[in-house]
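K.L.:
A single structure is presented below for examination.
Each value in this text was obtained by applying a stated rule to the coordinates, not by laboratory testing. In this text the structure is predicted, and so the values were computed from the model without any measurement. A quick note on method: Cβ atoms are made from the backbone with ideal geometry, for glycine too, and the neighbour counts reach across all protein chains shown.
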Amino acid sequence: MGVKEDILAMFEARKGVYFSGEEIAADLSVSRAAVWKAVNALRREGYEIDAVPNKGYCLSSGTDILSAQGIQTHLSPICQGIDLHVLQEAESTNALLREAANAGAPEGYVILSRTQTKGRGRLGRSFYSPADTGIYLSLLLRPAGISPAQAVRITTMAAVAVCEAVEKASGKQALVKWVNDVYVDGRKVSGILTEASISMENGCMDYVILGVGINAYAPPEGFPAELASIAGAVFDHRQSDGKNILTAEFLNRFLYYYTNWDTVDYVAQYRARSLVIGKEITVLAPSGTQAAAALDVDEECRLIVRYEDGRIERLSSGEISIRLAPQEPKSPEEERI
């Protein structure tokens, strides 16, 4: 790390505490001038840093800027193998991570961006990624001996982890619309996109890219018209370190489930947060739409549905729609948040 990154790590670890320029320079073995330049560079990036004679520099406790240093202060020991890379802007964090994966990046490599210009959702749809209001994260996984059919488990774990992170950070209840959308107060606040590379040797997954987008806040100008009745946000107003806390809590919870794949019953947690079990839904398929009742989620994370003709089917992939509120359309939601 450079001087700027080292100073940010000090500030993030002790927000609201003053550090003298002399103290920082001595700790980092750099000059006072280097400290001054680094502090001004952080200010240009949006960090609120006070400077008081005879007291030094202090990062405002109300600051909420996504950073690797800020996230790391909230990570649990289970995340010790995480390698965080936070960008100001990216076309798509999933696309960047795929390049890194193909170049040999290890499991635990994470790319985050404060905005995406070409964010991707499921089925080739765009993923709305406004600047500084959301978390756009891609995590590289290299699970051993996992078949493509089991990839839905990773998505399920991620959905539960998002729910638990949202609940801990905001105190609000979060629910899952099968298979990959998280809702708060009837509005979509998060979407998950899992992409995999399959080994030609054994048919198992060579690597998995887990993409997660979370609306921490609503955009200042509001959501676009096509999302206004669908999209929501985790927080109602700015939080101190809200995005870093939310990101860290997601990583803490997801890696707990992922590293305890065979011993922790994450499926039970998924069922408990289901928006669709016991509801009338519409199953969307290339052959057309069919009305059905959502009965349950099985141990393989497949959605068990019963069609109007009495047929029972277990869906391992696909898309459904559910009417959550009178004003919402019956057509499928846009895969953008």
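K.L.:
Given a cut-off of under 8 Å on Cα pairs at least six residues apart, what relative contact order in percent is computed for the stretch 3-59?
P.N.:
Numbers: 62 pairs, mean separation 26.5, N = 57.
So the answer I get is 47 percent.
K.L.:
Ok, one more. Straight-line reach from Lys37: which lysines have Cα under 28 Å away, leaving out those fewer than 8 places along the same chain?
P.N.:
Lys4, Lys15, Lys55, Lys243
K.L.:
A further question on this structure: Using R₀ = 22 Å, calculate the FRET efficiency as 1/(1 + (r/R₀)^6) where r is the Cβ-Cβ separation of Thr117 and Ala225; round to 0.05. Write down the numbers at each step before the final one.
P.N.:
Working: r = 20 Å, r/R0 = 0.91.
That gives a FRET efficiency of 0.65.
K.L.:
How high is the relative contact order of the chain, in percent, with contacts defined as C-alpha pairs under 8 Å that are six or more residues apart?
P.N.:
On the way: 672 pairs, mean separation 53.3, N = 337.
RCO, the chain: 16 percent.
K.L.:
List the residues, sorted by chain then number, that are 5 or more residues from Val17 or on another chain and whose placed amide H is less than 5 Å from its amide H.
P.N.:
When sequence neighbours closer than 5 places are left aside, the close amide H contacts are Leu59.
K.L.:
Pull up the cross-link candidates among the lysines for Lys188, meaning alpha carbon to alpha carbon under 16 Å and not fewer than 8 places away within one chain.
P.N.:
Lys172, Lys177, Lys330
K.L.:
Another question, if that's okay. Counting other C-beta atoms within 10 Å, which of His74, His237 has the fewest, and how do the rest follow? Show your work: numbers first, answer last.
P.N.:
Working: His74 18, His237 8.
Sorted ascending by nearby Cβ count, the order is His237, His74.
K.L.:
Tell me which DSSP H helices of the chain clear both cut-offs, 27 Å or more of axial length from alpha-carbon atoms and a mean Kyte-Doolittle hydropathy of at least 0.0. Before the final figure, lay out the partial values.
P.N.:
Numbers: long enough: 151-170 (29 Å, 0.94).
Answer set is 151-170.
K.L.:
For the residue pair Val264 and Ala33, what label-to-label distance in nm results when each label sits 7 Å from Cα along the Cα-to-beta-carbon direction?
P.N.:
Between Val264 and Ala33, the label points sit 5.1 nm apart.
K.L.:
Can you figure out the FRET efficiency of Ala144 with Asn54, using R₀ = 45 Å and their beta-carbon distance, to the nearest 0.05?
P.N.:
Numbers: r = 57 Å, r/R0 = 1.27.
According to the calculation, E is roughly 0.20.
K.L.:
If I build a Gaussian network model for the chain, linking alpha-carbon pairs within less than 10 angstrom, which residue out of Gln269, Gln290, Gln239 has the largest mean-square fluctuation?
P.N.:
In the Gaussian network model the winner is Gln290.
K.L.:
With a ≥ b ≥ c taken as the square roots of the eigenvalues of the C-alpha gyration tensor of the stretch 228-307, please select rounded if a/c is under 1.5 and otherwise prolate if a/b is larger than b/c or oblate if it is not? Kindly include the intermediate steps, with their values, before the conclusion.
P.N.:
Values: a/c = 2.87, a/b = 1.40, b/c = 2.05.
Oblate is the answer for the stretch 228-307, as a/c is 1.5 or above yet b/c matches or exceeds a/b.
K.L.:
Report the gain in length on full extension from Tyr18 to Lys168: 0.36 nm times residue separation, minus Cα-Cα distance, nm rounded to one decimal. Walk me through the intermediate numbers first.
P.N.:
Working: separation 150, 0.36 × 150 = 54.00 nm, distance 2.87 nm.
Gain in length upon complete extension: 51.1 nm.
K.L.:
Then there is this: Would you mind ranking Asp309, Asp265 by Cβ crowding within 10 Å, fewest neighbours first?
P.N.:
Details: Asp309 7, Asp265 11.
Lowest to highest Cβ neighbour count: Asp309, Asp265.
K.L.:
Okay, moving on. Among the trypsin sites (Lys or Arg not before Pro) within the stretch 1-101, which fall in a DSSP loop and have no more than 14 other Cβ atoms within 10 Å of their own Cβ? Could you put the intermediate results ahead of the total?
P.N.:
Numbers: sites: Lys4, Arg14, Lys15, Arg32, Lys37, Arg43, Arg44, Lys55, Arg98; in loops: Arg14, Lys15, Lys55.
The qualifying sites are Arg14, Lys55.
K.L.:
Assigning unit charges at the beta carbon (Lys, Arg +1; Asp, Glu -1) and nothing else, what dipole magnitude in debye, to the nearest 20, does the chain show about its Cα centre?
P.N.:
Values: 34 positive and 43 negative charges, 79 e Å.
In debye, rounded to 20, the chain gives about 380.
K.L.:
What label, among [x] 5, 26, 36, 24, 8, 1, 0; [y] 6, 24, 28, 20, 12, 8, 2, 0; [z] 5, 24, 31, 23, 10, 4, 1, 0, belongs to P(r) over Cα pairs in 10 Å bins from 0, in percent computed from the structure on display?
P.N.:
[z]
K.L.:
Ok, one more. Where the convex hull is taken over the Cα atoms of the stretch 3-59, what is its projected area averaged over directions, in nm²? Write out the running numbers ahead of the final one.
P.N.:
Numbers: hull surface 13.1 nm².
So the mean shadow area of the Cα hull is 3.3 nm².
K.L.:
A further question on this structure: Efficiency by 1/(1 + (r/R0)^6): what FRET value for Glu91 and Glu5, r their Cβ-Cβ distance, R0 = 25 Å, to the nearest 0.05?
P.N.:
Numbers: r = 24 Å, r/R0 = 0.95.
Efficiency for this residue pair is about 0.55.
K.L.:
Cα centroid distance between the stretch 151-225 and the stretch 287-308, in Å?
P.N.:
Comparing the Cα centres of the stretch 151-225 and the stretch 287-308, I get a distance of 20 Å.
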